[in-house]
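J.: Sharing a structure below in structure tokens format, with a few things to ask.
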Amino acid sequence: MDNAKTMIEVRDCWKSFPGKKAGEQVHVLERVNLDVHAGEFVCVVGPSGCGKSTLLNIIGGFIKETRGTAKVAGSPVNGPDPRRIFVFQENGVFPWLTVEENIGFGLMSKSAAHREERVAHYIGMVGLTGFEKSYPRELSGGMRQRVEIARALAADAEVLYMDEPFGALDFLTRLKMRADLIRIWQAEKKTIVFVTHDIEEAVQLADRVVVMSKRPATVAEEVKIDLPRPRDLDSPGYLGARDRIFAIMGMDVHGGGAGDPR
Amino acid sequence: MPTKDCRGEKCPRESKPNVLKNPVNRFAPILLPAATAAIFLLIWHLLVRLSGSDLFPTPLDVARGIQELVEKGLLLKYIVASLFRVSWGFMLAVLVGVPLGLILGWFRPAFQALNPMIQILRPISPIAWIPVAILWFGIADSAPVFLIFLASVFPITVSSMAAVQNMQLVYLRAAQNFGVTGMQLFRRVIFPAALPQIITGIRIALGIAWLVVVAAEMIAVNSGLGYLIIDARNAGKRYDLVVAGMVMIGLIGLVLDLLIRRLERFDEVKWGYGQR
Ligand SMILES: Nc1ncnc2c1ncn2[C@@H]1O[C@H](COP(=O)(O)OP(=O)(O)OP(=O)(O)O)[C@@H](O)[C@H]1O
Ligand SMILES: [Mg+2]
């Protein structure tokens with residue numbers, strides 16, 4: 001089964017932040033192990049505040065693990081890399097650039113014609129046609145989030161790290177974006193690590209769902225979703241996987257501080 | 001009014017919608033300050049009359065004083081002289097302060113090395129520098145230009161520095177993720193992210209510069225609005241001209257502020273100001 005080459009390899013990863021009082025440490029991640037194969041779509045779920053963003057930021061090269069190793073494409077993560085684009089949970093769209101300038105931001109080294117074509121394509125995909133010249137402050141929260149998703153996709157990275165990218169979208173847009181993402185992923189053979197607190201979303205998207213425990217978080221369990229796409233949301237396989245994850249997360253509720261299993 | 005479909009173009013911003021509906025409110029932005037000014041002038045006039053002062057002018061005396069200055073060709077000459085000094089000192093301050101602030105905000109060692117020095121120099125009033133300026137520059141135009149530079153360079157530097165330090169981390173991370181580094185990072189992300197706050201610093205600095213030029217002209221030179229005030233007082237206690245000078249300073253300060261506020265309306269920086 002493990003014939004695909006490993007893209008991301010996290011080994012015995014620990015992370016603590018300095019706490020409120022001097023000398024005190026907040027332990028966020030403990031003994032996290034995670035492997036993601038090239039071309040795999042992995043979703044990470046877990047209670048709010050457990051450390052999902054922290055883990056993704058470590059893999060993305062924005063923060064350094066306290067202990068352990070994080071490797072991507074065979075070498076230790078050492079800062080961010082344009083081949084691996086991050087979609088931030090807090091909106092990272094540049095407010096001083098228009099929609100099209102934002103989406104073309106990662107394409108400055110490309111020819112103008114190529115850039116324009118890609119920008120137009122992804123503006124269409126995320127449904128922002130007509131808003132090319134608008135500034136982010138003139139858009140709704142969901143529209144801004146779509147700008148950021150388009151910016152990440154337009155950069156044509158081999159790996160995407162997405163931190164609750166569809167959080168601010170309405171139900172229908174979210175369904176469409178999921179379908180689009182799956183289509184792009186299948187067509188372009190990207191590797192995707194996708195953080196969400198929505199268990200249904202995770203089961204609809206992922207090859208594998210990584211369930212994290214409450215803080216200090218570790219990987220509680222991994223659930224393989226071996227179902228054909230597009231997924232039948234009434235199939236026993238889908239419902240079984242979903243209920244399984246609910247159960248894993250539900251058990252955490254007894255410890256307190258678990259997230260919202262919607 | 002039918003709702004317009006604004007896709008594709010920017011919707012015209014419907015600011016203050018009730019101002020248009022209500023005909024009384026429509027003139028309020030003009031009528032209210034005009035009424036305040038009229039009442040102020042009336043009280044001023046009455047107070048001068050009641051006190052029986054023959055030195056302090058009534059508003060009418062001041063108006064005649066301004067007219068006299070216009071006729072002698074002095075008013076324009078002095079305004080130009082003051083504006084000239086402010087322009088130079090202020091422009092130098094922007095040219096030095098903005099890059100310096102960006103560098104201090106970005107490079108931690110530069111901040112550690114220079115910030116204490118800046119914080120010590122900053123609270124020294126530019127007025128305190130007047131004797132030093134005269135010593136170094138004599139009574140040439142360069143003395144007030146130097147004072148204006150000193151007065152405005154600190155607010156500009158400090159606001160540019162703070163702007164970089166307070167920049168949202170996510171912009172930086174996004175830029176780094178796309179492989180933007182070095183000068184490109186400065187030009188494409190750090191500078192535009194800091195610009196709204198830089199402009200606010202520049203606006204404050206211009207106000208200070210205008211305060212200082214008048215003070216500097218009272219001592220160091222023999223032209224300009226500050227000089228007009230001191231000269232009118234010394235040569236014959238012409239308080240009508242003193243107050244005329246004060247009025248002109250106030251009016252020009254207002255115009256300068258209105259002009260520099262236009263910078264805040266550009267699309268690239270609008271996001272940085274409250275949406276009201
Ligand atoms: N820079 C930091 N300094 C101190 N504590 C931090 C820092 N970043 C995160 N934390 C703490 O680490 C914990 C995990 O944060 P993280 O953002 O990774 O959670 P999350 O799982 O992404 O939550 P959510 O689902 O709400 O986004 C939180 O308790 C948070 O307070
Ligand atoms: Mg998070």
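Bear in mind these aren't lab numbers, they're just calculated from the coordinates by the rules spelled out. What you are looking at is a predicted structure, and each value in this text was computed from that prediction instead of being measured. Heads up, the Cβs are rebuilt from the backbone with ideal geometry, glycines too, and the neighbour counts pull from every protein chain shown.
J.: Taking amide H positions as placed 1.01 Å from N in the peptide plane, with prolines and chain starts having none, which residues 5 or more places from residue A:40, or on another chain, fall under 5 Å of its amide H?
T.: Here the answer is A:192, since their amide H atoms fall under 5 Å of that of residue A:40.
J.: Let me ask something else. Could you work out the mean count of beta carbons from other protein chains within 10 Å of each residue's beta carbon in A:85-94? Provide the component values of the computation, followed by the final result.
T.: Values: counts 3, 6, 2, 6, 1, 4, 3, 9, 3, 10.
The shielding value for this peptide is 5.
J.: Now for a separate question. Of A:5/A:71; A:5/A:189; A:64/A:224; A:176/B:270; A:189/A:224; A:71/A:190, which ones are farther than 21 Å apart at the Cα? Could you put the intermediate results ahead of the total?
T.: Values: A:5/A:71 13 Å; A:5/A:189 13 Å; A:64/A:224 29 Å; A:176/B:270 32 Å; A:189/A:224 19 Å; A:71/A:190 17 Å.
In this structure, A:64/A:224; A:176/B:270 exceed 21 Å between Cα atoms.
J.: With springs only between Cα atoms under 10 Å apart, run a GNM on chain A and tell me which of A:21, A:189, A:110 wobbles the most.
T.: Greatest mean-square fluctuation among the candidates belongs to A:21.
J.: Sticking with this structure for a sec: Treat the count of other C-beta atoms within 10 Å as a stand-in for reagent exposure and order B:217, A:65, B:264 from fewest to most. All intermediate terms of the calculation are to be shown ahead of the outcome.
T.: Values: B:217 26, A:65 23, B:264 14.
In order of increasing Cβ crowding within 10 Å: B:264, A:65, B:217.
J.: Using a Gaussian network model of chain A whose springs link C-alpha atoms within less than 10 Å, name the residue from A:196, A:129, A:218 with the highest mean-square fluctuation.
T.: Looking only at A:196, A:129, A:218, the largest GNM fluctuation is found for A:129.
J.: What list of ³J(HN,Hα) couplings, whole Hz, do you get for segment A:218-228 from phi and the Karplus terms 6.51, -1.76, 1.60, once you set θ to phi - 60° and write x for glycine and proline?
T.: For segment A:218-228, the Karplus curve yields 9, 6, 6, 6, 10, 10, 7, 10, 8, 10, x Hz.
J.: Here's another thing I want to ask about it. Please list, or write none, the aspartates and glutamates whose alpha carbon is within less than 20 Å of the alpha carbon of residue A:133, excluding same-chain residues fewer than 8 places away.
T.: Reachable aspartates and glutamates: A:100, A:101, A:116, A:117, A:148, B:5, B:9, B:14, B:264, B:267, B:268.
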